[in-house]
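Okay, so here's the structure we're looking at.
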Amino acid sequence: MSTSNTKFATVEVVRKALKDVGYIATTQIAHTLYLAYHLEKPVLVEGPAGVGKTELAKAAAAFMGVPLIRLQCYEGLDESKALYEWKYGKQLLYTQLLKDKLDSVIEGETNLAESIEKLHQYDDIFFSPQFLEPRPLLKALQQKDGAVLLVDEVDKSDDEFEAFLLEILSDFQVSIPEIGTIEATSKPFVFLTSNSTRELGEALRRRCLHLYISFPEQGLEREIVMTRVPGISERLTRQLVSFIHQVRKLDIKKLPSVSETIDWAKTLVILHAETLDKEMVRETLNTFLKAQEDIRVTEEKLYTLTEHALREAT
Amino acid sequence: MDRTLQNFITALRRSGVRISVAETMDALRAAELSGYGDRWMLKDFLSASLAKSMPEKEIFEVCFSRFFSLDYITGEDFLFENENLPPILQGEAPLTQIFISGDVGGLAMALRAAGERADIRSIQSWTQKGLFMQRLFQELGLEGLNRDIRRLAEVGGQDALNQAKALESMRDNLMERVRTLVERQLELYAARRSYELSEGYIKNARLSALDERDLARIHKIIQRMVKHLKDRYSRRPRAARRGNLDFRKTFRKSITYGGLPFDTHWKSKKIDRPEIVVICDVSRSVSNIVRFFLLILYSLNEVISRIRSFVFCTNLVEVSPLFEMHPLHEALAMLRSGAGIPILLGRTDYGGSFLDFKDQYSDCLTKRATVIILGDARNNYSEPHTEALRFISERCKRLIWLNPETPSLWGSGDSEMKKYLPYCNIARECSTLRHLERVVEYLLRVHDR
């Protein structure tokens, strides 16, 4: 993380840098990122689905100019998938290939004890870094110039895995019995995201800084749409953002996310829409509503919603 | 350490945000980074390092605005009557001097210093409001000001009277400010001071004596307790589940490696999760405890394989379907109101209820089942039917009796506890959350082998 010190000089610099890579951040997000960098702490990001939690990590990696290493969590994820694994196949293959060599090594020894004694001089060979398959967590620690480590949807993993994460998050080191302790060459910038399907443990929360991202306000969302969808008119942006915000107030199962707003905006641009009209909205509802039930609920109120959006945007 | 921050963290803790020492250190470094100049930056920094969940964020918002608005209480909106009053008296009290010269900053400092000296942060309840206001007035030197006003009146003359009037109105204004200050401090430091007491206190308080309004807090504590128990008893590392070497499987696999047992296979141990039968007295004397006990048991459904629950008063009925069909809290509420349960709430009849159980539900008595009876064994002098309890006891793995009364009262009056005792593997007093926790832990631990 040391290389990018100038990139974290002030909060404003962070915010601008994020904007340059296409991520419009609220002051709160910029503040938390700035703080996390200076305290060298992981950031736990919570919020509804689709507000750009994962996107934030990607943007951070992009502007820091370091690789993004992503660990997607799921039930049953364990050390061998997250940290490291021995390349069993390679080990076996090498023992087969080196059979002759082994013979020559123990050549001349007549009794078993002496042969084993000789073999002992070589026994670390097969458990050396060459036979180690690093998984995301180890990879992140090994990056010379630092990295952004994204532990995505940590709430989907089991309690055990959460406990295991604690060691890495607090010390940035892991111990491999055969090799020893591996310390981070430069501490990675860690993001954890959660959708709260499961209540995370207190211990994990304590080790992280906490950031809650909610749906952006209209002004901010407009800015996001304008940056991400080049060629869209300001008027249309106003209308569609207003429409989306009304939909979010409806009683539907899955609220449209920011990324879906962008998708919709892109669709409308392709359709050469100048302004929202009911028919076009009806036909493109499925770009941001993914459940049949939600579409039905919204269609019923389509008229008032569109009218309101048009009025609000002028 | 930074005093302001320390005070703020105290206020947060008292409002129910759990903050560890490590987090305090983080907040300290965060505050150093931001300084106190930029309010929003400070707020975001502290929020990120102290409030770690949505509910905590909400509390944080409230606390932050309350706490850091205190600094502005004597700010520009404090009205001085006149910009400058001509000095009339000699040797005025310090407060009078501040008023006469219109020194806003001086007043703010005086108020703050007086607050420190009066130790206003130790305020704990509404009843102390008057006391702390008095202390503050004393520390501010209100007496001196009053004396000066009287002296001005004695001097007489238009100027002096005008000045006395002005000073009086400023004094009233100040008193109003002091009252607000004390109230704010009270909100900040004492509003939920009880929260500090809560865990230790509530866990050891007799459940039957707890207030209805403590319920929400009890539920919170129970939730945490359950999480704790779950963590401890559901987290079984794979290694612990590993049993003996599965020789046949290993041998078969070894063919691939030319007869070397390279890939070993292990038998896995079966995990024995407890099967529980709860029989609860729901008469008034124990209803609270029953409720919390069931709440804990049913919340632990991941680590308990099966629960069957029965309630009785004059007769005995099974209520397990209630818990299967409705969400936990609804089921408990239904149980409490007795809606839809064919139970007679007359005289409590232990003997009769045990007979009911023996006749109708003896199928749930297996060698794996632990039977837990919750009740005070006060049988209203009717036949105890110990043979029915004996029947139950002989057919289950274990029989545990939880009695809300202290052991010294067992067997007194109409209590048949002494007669039932020989058939119980364990009989314990159970009147507080702590007791409940211990019982549940015991249940899980015994089965953890």
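The values are calculated or read from the model by the stated rules, or taken from the named source; none is laboratory data. None of these values were measured; they are calculated from a predicted model. When we count neighbours, we look across all protein chains shown, and the Cβ atoms used for this are built from the backbone with ideal geometry, even at glycine. Surface accessibility is based on the protein's heavy atoms, side chains included, excluding ligands, DNA and RNA. Shrake-Rupley method; radii C 1.70, N 1.55, O 1.52, S 1.80 Å.
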Task: Rounded to whole Hz, the Karplus (6.51, -1.76, 1.60) HN-Hα couplings of the stretch B:158-166, x for glycine and proline - done: 4, 4, 5, 5, 4, 5, 4, 4, 4
Open item on the list: Longer than 26 Å from Cα to Cα, which of A:Lys53/A:Lys139; A:Lys53/B:Lys57; A:Lys16/A:Lys253; A:Lys7/A:Lys81; A:Lys19/A:Lys41 are they? Say none if no pair is.
Closed with: A:Lys16/A:Lys253; A:Lys7/A:Lys81
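What number comes out for accessible area per residue over the protein assembly as shown if the probe is 1.4 Å? Units Å², please.
Numbers: 38320 Å² over 763 residues.
Counting only protein heavy atoms, the per-residue value for the protein assembly as shown is 50 Å².
With the Cα gyration tensor of chain A giving a ≥ b ≥ c as the square roots of its eigenvalues, does the rule (a/c under 1.5 for rounded; else a/b larger than b/c for prolate; else oblate) give rounded, prolate or oblate? Provide the component values of the computation, followed by the final result.
Numbers: a/c = 2.96, a/b = 2.41, b/c = 1.23.
Taking the square roots of the gyration eigenvalues as a ≥ b ≥ c, chain A is prolate.
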- [ ] Just read off the accessible area of B:Asp172 with the full protein assembly in place, 1.4 Å probe, to the nearest 10 Å².
- [x] 80
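State which stretch of chain A is the longest one without any exposed GluC sites (Glu not before Pro), exposure meaning a DSSP loop state and at most 14 other Cβ atoms within 10 Å.
On the way: sites that count: A:Glu40, A:Glu75, A:Glu107, A:Glu109, A:Glu178, A:Glu199, A:Glu217, A:Glu274.
The longest uninterrupted stretch comes out as A:110-177.
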Open item on the list: Check which residues have an amide H placed less than 5 Å from B:Trp401's amide H, if you skip close sequence neighbours.
Closed with: B:Ile373, B:Ile426, B:Ala427, B:Arg428
Task: Partner chain coverage, peptide A:206-215 - average Cβ within 10 angstrom - done: 5
Open item on the list: I need the shape label for the stretch B:287-342. Rule: rounded when a/c is under 1.5, else prolate if a/b > b/c, else oblate, with a, b, c from the alpha carbon gyration tensor.
Closed with: prolate
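Please state the relative contact order of the stretch B:340-449 as a whole percent: Cα pairs under 8 Å, 6+ residues apart? If you can, show how the numbers build up before the last one.
Numbers: 141 pairs, mean separation 28.0, N = 110.
So the answer I get is 25 percent.
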Task: Solvent accessible area, Å² - A:Met64, 1.4 Å probe, full protein context - done: 10
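Calculate the all-directions average of the projected area of the stretch A:97-242's alpha-carbon convex hull, and give it in nm². Let's see the in-between values first.
Working: hull surface 62.6 nm².
Across all orientations, the stretch A:97-242 yields a mean hull projection of 15.7 nm².
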Open item on the list: I want the antiparallel fraction of DSSP beta bridges within the stretch B:239-396, as a percent rounded to 5.
Closed with: 30
Open item on the list: Below 21 Å, Cα to Cα, which lysines can A:Lys278 reach? Residues fewer than 8 away in the same chain don't count.
Closed with: A:Lys249, A:Lys266, A:Lys290, A:Lys301
Task: Reachable lysines from B:Lys418, criterion Cα separation under 26 angstrom, eight or more residues apart if same chain - done: B:Lys358, B:Lys367, B:Lys397
- [ ] Name the residues whose placed amide hydrogens come within less than 5 Å of the amide hydrogen of B:Val277, ignoring near sequence neighbours (fewer than 5 apart) on the same chain.
- [x] B:Arg308, B:Thr370, B:Val371, B:Ile372
Open item on the list: Ignoring everything except DSSP H segments at least 4 long, calculate the 222 nm mean residue ellipticity for chain A; use -39,500 (n - 2.57) per segment, divide by total residues, nearest 500.
Closed with: -15000 deg cm²/dmol
TODO: Would you please give the residues with an amide H less than 5 Å from that of A:Arg70, counting only those at least 5 places away or on a separate chain, with H modeled from the backbone geometry?
DONE: A:Leu150
TODO: Treating cross-link reach as a plain straight distance, find the lysines whose alpha-carbon is under 29 Å from the alpha-carbon of A:Lys118, omitting any fewer than eight places away in the same chain.
DONE: A:Lys87, A:Lys90, A:Lys99, A:Lys101
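Can you tell me which of B:405-414, A:205-214, A:241-250, B:3-12 comes out highest on packing, and rank the rest after it, using the mean Cβ neighbours within 10 Å? Mind showing how you got there, number by number?
Numbers: B:405-414: 12.9, A:205-214: 20.9, A:241-250: 19.3, B:3-12: 17.1.
Listed from highest to lowest mean packing, they are A:205-214, A:241-250, B:3-12, B:405-414.
Note the buried accessible area between B and A here, summed over both chains, with a 1.4 Å probe, in Å² to the nearest 100. Show your work: numbers first, answer last.
Working: alone 23940 and 16570 Å², together 38320 Å².
For chain B against chain A, roughly 2200 Å² becomes buried.
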TODO: Hey, could you grab the Kirkwood Rh for the protein assembly as shown? Inverse mean 1/r over distinct alpha carbon pairs, Å, one decimal.
DONE: 33.0
Open item on the list: Give the separation of the Cα centroids, the stretch B:28-70 to the stretch A:42-114, in Å.
Closed with: 40
Open item on the list: Out of all DSSP beta bridges in the protein assembly as shown, what portion is antiparallel? Express it as a percent rounded to 5.
Closed with: 25
- [ ] Could you point to the residue in B:Leu421, B:Gly340, A:Phe215 farthest towards the positive end of the protein assembly as shown's charge dipole, with +1 and -1 charges on the Cβ of Lys/Arg and Asp/Glu respectively?
- [x] B:Leu421
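Just to make sure I understand: if all protein chains stay in place, what is the order of A:Asp155, B:Asp356 by accessible area at 1.4 Å, largest first?
Details: A:Asp155 5, B:Asp356 40 Å².
From most accessible down to least: B:Asp356, A:Asp155.
By its C-alpha gyration tensor, with a ≥ b ≥ c as the square roots of the eigenvalues, how is the stretch B:294-403 shaped: rounded for a/c under 1.5, else prolate for a/b larger than b/c, else oblate? Provide the component values of the computation, followed by the final result.
Numbers: a/c = 1.92, a/b = 1.18, b/c = 1.62.
Cα axes put the stretch B:294-403 in the oblate bin.
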